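First the structure, in the form of structure tokens, and then the observations on it.
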Amino acid sequence: MTTSAASLPAALRPRQLIHWIGVAPFFLFATLFLILPTLNIVIGAFRNPQGQVTLENLGKLLSPSIRSAFWISIELSLLTAALGCLFGFLIAAAITLGDLPRWLRNGIITFSGVASNFAGVPLAFAFIATLGRLGFVTMLLRNWFGINLYGSGFSIVSFLGLALTYLYFQIPLMVLIITPALEGLRREWREAAESLGASGAQYWRMVALPVLWPSLLGTLALLFANAFGAVATAIALTGSSLSIAPIVLFAQIRGDVLNDPHLGYAIAFGMIALTAIANGIYILLRMRAERWVK
Amino acid sequence: MIGKRFWSLFAVALGGIYFLLPLAGMVDFSMRMKRGEYSFEAYRIVLADPQFQQTFLYSVVLALLTIVLGILLVVPTAYFVRLRLPGLRPVIEFITLLPLVIPPIVIVFGYIRIYNTSSILPLTGTWLGTNLLLLFGYATLALPYMYRSVDTGLRTIDIASLTEAAQSLGAGWARILTVVILPNVFVSVLSGAFLTFAIVIGEYVFAALLNVNSFGPYMVWMGGNRAYEPSALAVVAFAITWACMGLIQLVTRFSKFSTARR
Amino acid sequence: MAFLDIHHLEKAFGATRVVKDFNLGIEKGEFVSFLGPSGCGKTTVLRMVAGFETPTSGAIRIDGRDVTGLPANRRKIGMVFQAYALFPNLTVAENIGFGLKVAGEDKASIARRVAEMLELIGLPQLGARYPFQLSGGQQQRVALARALAPRPQVLLLDEPLSALDAKIRISLREEIRRIQQDLGITTIFVTHDQEEALSISDRIVVMHQGIADQVGTPFDIYNRPATRFVAEFVGTLNLVDVDVVEAANGRVRLGEVPVVLNRPLSARAGERISLALRPETVALGRTEGHDVVLAGRIAEVHFLGSVIRIRVTVGGQSLSLDTFNQPDRPPPAVGASVEVSISDRDLLVLAA
Ligand SMILES: Nc1ncnc2c1ncn2[C@@H]1O[C@H](COP(=O)(O)OP(=O)(O)O)[C@@H](O)[C@H]1O
Ligand SMILES: [Mg+2]
């Protein structure tokens with residue numbers, strides 16, 4: 001090794017150095033502002049205020065209020081991820097395989113780009129203006145159809161309301177990710193299956209869905225993380241009346257409640273752990289599903 | 001065959017109802033400030049609010065700075081990784097995916113813990129430090145989008161030949177990057193930039209937790225205290241998002257024109 | 001009636017008629033090639049037979065049964081595509097067994113049939129592989145086995161060899177022909193490669209702008225092309241201008257040399273028409289049976305190995321001729337004066 005390194009042309013080493021200098025700022029930045037902060041949280045979750053290693057903090061996650069906050073978050077994220085995948089898939093299938101005019105497809109893709117980024121505070125306002133107590137649809141239903149939405153127990157400041165709102169960015173995100181995958185299904189696969197006697201359903205079950213499976217799983221994990229970390233929408237929509245994990249953490253950091261930084265660590269760690277698990281499951285399943293890819 | 005088309009239209013129509021109603025609701029509500037008539041009163045009030053002007057301007061400037069920082073971080077990295085350090089590729093891809101997976105609130109919590117007043121690097125202690133930290137945070141959030149756009153752009157041009165050509169003319173690395181590579185991936189950089197702008201302009205969690213009064217916290221404050229103005233703000237924000245996405249479409253279409261003869 | 005009967009088939013996409021009044025009967029066990037340049041409608045006809053496109057008018061009958069309105073998955077037709085189109089998520093064995101599985105056959109008989117097919121295509125070891133682990137030639141063999149496994153009535157192949165490199169193309173086409181003859185399966189083979197079509201078909205349909213210009217055995221197509229298009233598309237060709245002396249029994253003059261074709265011509269006396277001539281029917285020097293002798297000058301000599309292609313200028317016209325290489329007789333030099341001879345029977349009179 002040493003001899004070959006010494007025999008390298010002299011010009012090569014400073015050149016290589018330059019390559020590394022070129023990427024150094026990125027790594028420095030990522031370390032300082034992405035990796036270290038995350039590690040700090042992870043480590044903090046296992047330390048007590050005196051700096052000793054402990055599981056005490058994580059134990060606090062089991063307290064009923066925090067456990068239920070996590071449960072609601074998980075349910076909300078799972079539900080909106082699953083429904084987002086389902087509806088997004090249907091829309092993507094409609095525009096790729098449904099014989100629709102090209103402009104409609106392009107329009108929907110563009111709109112999906114907008115809607116998937118129209119998250120956070122303004123989205124919450126839009127839903128309040130629509131399904132709030134005096135919202136557009138609420139009034140429409142009451143004045144034209146005689147349906148009293150709020151009288152029937154619905155509220156935009158509820159699990160259901162939040163789920164409806166989240167779907168507004170979950171579905172388009174799915175459309176954006178899965179449309180190219182659907183377009184990647186080759187026409188010949190379908191025709192080959194048909195000529196071999198397969199029905200449409202058989203083709204989907206035996207060929208198309210297995211081929212799409214990795215993309216579907218990936219999007220599911222991404223949508224889960226997406227919903228799990230969405231704080232702004234939830235806060236702008238519900239204030240802090242609905243206790244979901246990120247809102248609890250938000251209040252914790254603000255120092256509004258409890259004021260035990262190490263509980264904050266634990267909640268944050270719990271959130272990382274959950275999104276990590278979601279992605280871990282995804283990677284695992286994907287590896288199994290993709291035996292047939294290089 | 002007719003069935004297929006029917007069901008597709010059906011699905012799209014249902015989606016259309018779900019996606020258009022909130023927009024209709026938001027526009028409708030924003031114009032109801034004056035009793036019994038449609039008016040732009042809410043918009044007038046919002047636009048005239050000095051708080052709005054100040055926070056909005058601040059967020060615009062911050063978004064632009066984020067874009068610049070993002071370009072500085074991502075372009076050289078993506079370039080060198082593609083050209084000379086392909087082994088780093090998986091690492092970079094992993095890192096740039098992290099901000100999509102780790103909830104932003106966790107990242108900012110980490111900032112507050114690491115860079116608080118009693119740490120080695122007490123960024124949160126000063127006005128400048130806090131703003132820098134917010135800028136860095138936004139650059140982190142933008143990383144996935146920036147990197148993917150730029151990397152896609154680099155894939156479509158032959159950077160190896162471009163680099164060799166420039167080198168044979170005696171250009172150094174800095175010159176190659178700024179004069180040769182950047183203009184060639186400009187369209188991709190722009191796509192990433194507009195996306196970043198759309199994400200950063202109304203961001204709430206980072207700003208709120210770092211106690212910076214930007215457009216996001218301003219909107220939440222309005223939401224808690226006013227009735228019609230928030231809808232007007234939502235319309236404004238939606239228009240900005242549309243504009244950003246529209247511009248992305250525009251520049252990509254333009255680039256398809258200009259590179260069609262390849 | 002023929003086993004596969006295509007009857008006045010028409011297909012239009014919007015205003016463009018892509019297939020025009022296409023008629024063809026294929027006997028059971030016959031191997032028929034569709035030959036024609038890209039875009040002439042070969043694939044479209046094939047896709048209508050397979051059931052992927054609906055004809056604008058006309059009918060398709062298989063074994064006496066009208067299948068024109070039948071969906072593709074009930075036609076019992078095997079299809080092989082240019083780009084293999086193997087299911088990427090299934091192993092080779094699962095790909096081959098696909099048709100049997102959707103037909104609800106039991107596992108044991110599927111396994112037996114798959115093994116049999118793997119044996120047939122000469123890849124008995126590769127059942128457990130995924131398509132991406134195979135070469136192009138292997139993938140196409142598997143695609144063939146997949147199409148044949150459910151014992152289809154008709155096998156359709158759409159340029160199955162175009163994506164492969166030259167060596168494999170030749171060996172695989174021979175294999176396809178062997179398997180086809182072993183199984184006695186009625187086959188349509190689409191290609192734009194005339195050599196391919198000539199070498200493996202029982203009959204060839206030469207297609208041109210959506211029309212079947214000529215249907216015949218390879219020998220007929222090559223030696224008695226019905227139209228100018230067929231003559232030009234299949235093989236290389238000399239076009240010789242002659243002056244008509246008398247139309248009724250085909251007396252013409254090639255330069256100064258009188259030639260009697262013994263065939264009536266549609267042109268009138270005094271007109272100038274083109275006759276066609278294959279290069280291998282032109283001999284250098286005088287040969288028995290070649291009554292027409294022309295004097296010329298060597299313009300080009302191309303040594304191609306076993307064949308030497310020589311271009312000779314004869315009275316202002318250019319003639320290509322092929323001779324076999326003979327080690328003790330080097331080809332003539334460029335510029336040399338030579339005689340060439342042809343037989344009037346080899347001159348082809350072409351319809352427009
Ligand atoms: N789905 C379609 N819509 C419109 N035109 C088509 C379609 N399919 C084929 N064509 C046209 O029909 C003609 C014949 O095509 P094809 O049958 O694929 O030719 P070949 O297989 O001989 O190359 C081409 O000009 C092609 O452009
Ligand atoms: Mg074709």
Legend entry - Check: region C:9-138 dipole with +1 on Lys, Arg Cβ and -1 on Asp, Glu Cβ, in debye: 200 debye
Inset, instruction - At 7 Å along the Cα-to-beta-carbon direction for both B:Ala239 and C:Arg286, put a label point, then send me their distance in nm to one decimal. - result: 9.9 nm
Legend entry - Inter-label distance for C:Asn23 and B:Phe40, nm, one decimal - labels placed 7 Å from Cα along Cα-to-Cβ: 7.3 nm
Inset, instruction - Just name one of B:Pro217, B:Gly246, B:Tyr138: the one whose Cα is farthest towards the positive end of the charge dipole of chain B (beta-carbon charges, Lys/Arg +1, Asp/Glu -1). - result: B:Gly246
Inset, instruction - Can you find, among B:Ala234, A:Ile95, B:Gly87, the residue farthest towards the positive end of the dipole of the protein assembly as shown? Put +1 on the C-beta of Lys and Arg, -1 on that of Asp and Glu. - result: B:Ala234
Legend entry - Residue-averaged [θ]222 nm for chain A, counting only DSSP H segments that reach four residues, each worth -39500 (n - 2.57): -23500 deg cm²/dmol
Inset, instruction - For C:His192, tell me the accessible area in Å² from a 1.4 Å probe, rounded to the nearest 10. - result: 90 Å²
Legend entry - Paramagnetic reach from A:Met287 in region B:70-93 [backbone N under 19 Å; point 7 Å along Cα→Cβ]: B:90-93
Inset, instruction - Just grab the label-to-label distance for B:Arg175 and C:Lys167, each label 7 Å out from Cα along the Cβ direction, in nm (one decimal). - result: 4.9 nm
Inset, instruction - For C:Thr313 and C:Leu239, compute 0.36 nm times the residue count separating them, minus their Cα-Cα distance, and round to one decimal in nm. - result: 25.4 nm
Inset, instruction - Using a 10 Å cut-off on Cβ to Cβ distances, tally the other chain neighbours for every residue of C:302-313 and report the average as a whole number. - result: 0
Legend entry - Per-residue average of Cβ from other chains inside 10 Å of A:169-177: 1
Legend entry - Area of C:Val190 that stays accessible when all protein chains are in place (1.4 Å probe, Å², to 10): 0 Å²
Inset, instruction - Determine how large the accessible area of A:Thr96 is when every protein chain is in place; take a 1.4 Å probe and give Å² rounded to the nearest 10. - result: 40 Å²
Legend entry - Among C:336-342, B:31-37, the order from most to least packed when residues are scored by Cβ within 10 Å on average: C:336-342, B:31-37
Inset, instruction - Choose one answer from C:Phe87, C:Phe13, C:Phe189: the residue with the largest mean-square fluctuation in a GNM of chain C with alpha-carbon springs under 10 Å. - result: C:Phe13
Legend entry - Among A:121-131, B:56-66, C:277-287, the order from most to least packed when residues are scored by Cβ within 10 Å on average: A:121-131, B:56-66, C:277-287
Legend entry - Accessible-area ranking of B:Tyr218, B:Tyr145, B:Tyr38, largest first, probe 1.4 Å: B:Tyr38, B:Tyr145, B:Tyr218
Inset, instruction - Quantify how strongly other chains surround peptide C:71-84 by giving the mean number of their Cβ atoms within 10 Å of each of its Cβ atoms. - result: 4
Legend entry - Lys pairs under 15 Å by Cα in the protein assembly as shown, provided they are eight or more residues apart or on distinct chains: 5
Inset, instruction - Please identify the helices of chain C, taking whole runs of DSSP H, that span at least 15 Å along their own axis as judged from the Cα atoms and have a mean Kyte-Doolittle score of 0.5 or higher. - result: C:92-102
Inset, instruction - Considering only A:Arg47, A:Arg133, A:Arg187, give the residue with the highest GNM mean-square fluctuation for chain A, with springs between Cα atoms whenever their separation is below 10 Å. - result: A:Arg187
Inset, instruction - Specify whether the C-alpha gyration tensor of region B:112-262 places it in the rounded, prolate or oblate class, a ≥ b ≥ c being the square roots of the eigenvalues: rounded for a/c under 1.5, otherwise prolate if a/b is larger than b/c and oblate if not. - result: oblate
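Based solely on its DSSP helices, what 222 nm [θ] is calculated for chain B when runs of n ≥ 4 H residues each add -39,500 (n - 2.57) and the sum is averaged over all residues, nearest 500 deg cm²/dmol?
It comes out at -25500 deg cm²/dmol, rounded to the nearest 500.
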Legend entry - Average Cα contact separation per residue, region C:218-352, under 8 Å, 6 or more apart, as relative contact order %: 27 percent
Inset, instruction - Compute the Cα gyration tensor for region A:64-289, then decide on rounded, prolate or oblate, letting a ≥ b ≥ c be the square roots of its eigenvalues: rounded whenever a/c is under 1.5, prolate when a/b is larger than b/c in the other cases, and oblate in all that remain. - result: oblate
Inset, instruction - Mean Kyte-Doolittle of at least 0.0 plus a Cα span of 24 Å or more along the axis: flag which DSSP H helices in chain B meet both, please. - result: B:2-30, B:50-83, B:127-156, B:229-258
Legend entry - Within chain C: Cβ-based charge dipole about Cα centre, in debye rounded to nearest 20 (Lys, Arg +1; Asp, Glu -1): 880 debye
Inset, instruction - Report the relative contact order of region A:174-294, percent, no decimals, based on alpha-carbon pairs under 8 angstrom and at least 6 residues apart. - result: 29 percent
Inset, instruction - Indicate the helices, whole DSSP H runs only, in chain A that combine a mean Kyte-Doolittle hydropathy of -0.5 or more with a Cα extent along their long axis of 24 angstrom or more. - result: A:12-30, A:64-97, A:159-183, A:209-228, A:261-289
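So, with +1 on the Cβ of K and R and -1 on the Cβ of D and E, and no other charges, what is the size of the charge dipole of region A:161-294 about its Cα centre, to the nearest 20 debye?
360 debye
The values are calculated or read from the model by the stated rules, or taken from the named source; none is laboratory data. None of the values given here were measured: they were computed from a predicted structure. We place every Cβ from the backbone using ideal geometry, glycine too, and count neighbours over all the protein chains shown. Side chains included, ligands, DNA and RNA excluded: accessible areas come from the protein's heavy atoms. Shrake-Rupley method; radii C 1.70, N 1.55, O 1.52, S 1.80 Å.
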